[in-house]
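Heads up: the structure comes next, in structure tokens.
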Amino acid sequence: MTAKAIRRGLATAAAVLIGVGLTASAWAQNFFYREIVKDGRIYVFAIAKEAEQFEKSGEVGRAITKLGYGPNGETMVFDSEDAIGLYNMKHDRPGDVTAVAKPVVAPKQLLTYKDGQLTAEFDKAQVSFTNRLQLRFTQQMPDETVQLAGTSAKGDGKGSFRIRRYEPQFQGWLYTKDLTFKLEFAFQDLQGNTNSGAINDAYFNYDLTKGKKAFRLQFGQFKVPFGRQELTSSFNQTFVDRSIVAGEFERGRDLGFQVDGLLASNKVEYRAGIFNGRASNTGRNQTANDNDKYQYDARLMWQPFGDVRYSESDFESVDKPLLAIAGGFESLDLGLTVPQPAATVPPAPPATPLPKISACPCAAGNYKWTIFATDVVFKYKGFSAMGELFNREIKPSDGATPDSPTFKSNGYHVQAGYLLNKKRTWEVAFRYASFDPTNAVSGNDRTEIGGGLNWFYNKHFAKIQADWRQLEDKAKKTKDQEVRIQTQLYF
């Protein structure tokens, strides 16, 4: 070893010793320990300020009291766990393990209320409850060739008040946030001593991707994934209600199973499901399939600039536009759902009502259809616009009469709204809708044209809507008009 290396080693050792010495010196300067005997008790301090306070006032700011812990059975008071350790070390006593009880955490019980929704939060569940009430007045003004029930002459109008919707709702999660549920009831359907559709939604949804919402399973009764305006709750509509095209092509709720998810940073949404499929316009509250076939629905949506909620009117866009483009598919086979009548002259009508297709030329109603649809939504700084296009083909199915035709039925609707002020409380809107019930008959298109005025107290949660519309049936050569006023409250 060279002399230079020896000198370098000695210098390093010296530096280490100096550092250790300085550290020990600093620790010694900060070290504090004191025992004080008073009133038959022994007080031990490892914190100088605590000792000074005790000597001045005779009171201990914070303390750990041990009965009979002293050498002669005295009660001892320590200002900290460090004081206990130092006392034991000084008096050569075995170490003492101080059991520190963990703080008792009360179970989570939180109740909040916002925008008409009451939410109860617990450790293993969250439940939200709300009511939705829509009260409506409709003034009907029929074509001069049409006489309404309860009027004295053709062309006479009449007005009606109505509870359009009263729908209590429960939703939330159970056991894990990945398992969500929704229960929604339609109490308006109980009016008139009827029980046709008292349940809107009753389903569970489980997220297999642990909160990412990329792949979820849904089972129960809910809206089939087809048609944007139908998927948009009646709570979130720009007009008093949906268009005649939505009512014609979009079937609403059914019982079944669905997979859905969000991909590509929530820019892509997909849904696909299998359902009972019903001859009526909606399959809700049906206890069984009416044949051995199923209804299939699928929807794929692209939203490049962010989440475009299923909500009409623009309360979301701020500094950038929102755009969503989607395509949909539906297949439903109603074969053998309508029994064939016995041969008579003239032919007897079907034993059960025809499935809902306006002006369907099918002889018996046992047919199947496929629908391809597309929709577009755009929102920016209070302006909103949406449109949907439907292409439907209908073919004979099992049980159809030999002369049942194949035909097409297409339709579309467009609407736009603009919020007039910065607070987005006043809105004007326009709509046009048209569909052809069947291309097998010419001159039978049906159209709707209308305008609306809305006042929002709290967005869709509390609002008053008024609209006018004209419904034309070219086959009947009639033009009926309506004025509707509706108030909605979410509470």
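Here, each number is a calculation from the coordinates, and none is a lab measurement. What you see is a predicted model; the values in this text were computed from it and never measured. In this analysis, Cβ positions are derived from the backbone assuming ideal geometry, glycine residues included, and neighbour counts consider all displayed protein chains.
Taking a ≥ b ≥ c as the square roots of the Cα gyration tensor eigenvalues, with a/c under 1.5 meaning rounded and otherwise prolate when a/b beats b/c, else oblate, which class fits the stretch 232-280? In terms of gyration-tensor shape, oblate.
Counting only residues at least eight positions apart within a chain, or on another chain, the lysines with an alpha carbon under 25 Å from that of Lys56 are Lys38, Lys66. Counted over the stretch 109-490 with a bin width of 10 Å, the fraction of Cα pairs per bin, in whole percents, is 5, 19, 31, 29, 12, 4, 0, 0.
Residues Ser234, Ser442, arranged from fewest to most other Cβ atoms within 10 angstrom of their Cβ, appear as Ser442, Ser234. Among Phe235, Phe222, the ranking by other beta carbons within 10 Å of each residue's beta carbon, starting with the fewest, stands as Phe235, Phe222. Around Leu135, with a cut-off of 10 angstrom between Cβ atoms, what is the net charge of the other residues, counting Lys and Arg +1 and Asp and Glu -1? Local charge sum for Leu135: +4. Measuring r between the beta carbons of Glu55 and Val105 and using R0 = 35 Å, the FRET efficiency lands at 0.35. Spin-label pair Asp319-Leu190: with each label point 7 Å from Cα along the Cα-Cβ axis, the two points sit 4.9 nm from one another.
Cβ crowding within 10 Å, taken as a proxy for footprinting-reagent exposure, orders Glu448, Glu81 from fewest neighbours to most as Glu81, Glu448. Pairs of Lys residues in the stretch 142-223 that lie 8 or more places apart, or on two chains, and have C-alpha atoms under 25 angstrom apart add up to 11. Straight Cα distances below 19 angstrom link Lys463 to the lysines Lys114, Lys422, Lys423, with same-chain residues fewer than 8 positions distant left out. Residues whose amide H comes within less than 5 Å of that of Gly382, counting only those at least five positions distant or on another chain, are Ser317 (H built at 1.01 Å from N in the peptide plane). About the centre of its Cα atoms, the stretch 109-490 shows a dipole size close to 820 debye [charges on the beta carbon of Lys, Arg (+1) and Asp, Glu (-1) only; nearest 20 debye]. Viscosity 1.002 mPa s, temperature 20 °C: Stokes-Einstein D of the stretch 122-214 from its Kirkwood Cα radius, in µm² per second? The diffusion coefficient I find is 128 µm²/s. Note on Thr425 and Thr374: the extension gain reaches 15.3 nm, defined as 0.36 nm multiplied by sequence separation minus the Cα-Cα distance.
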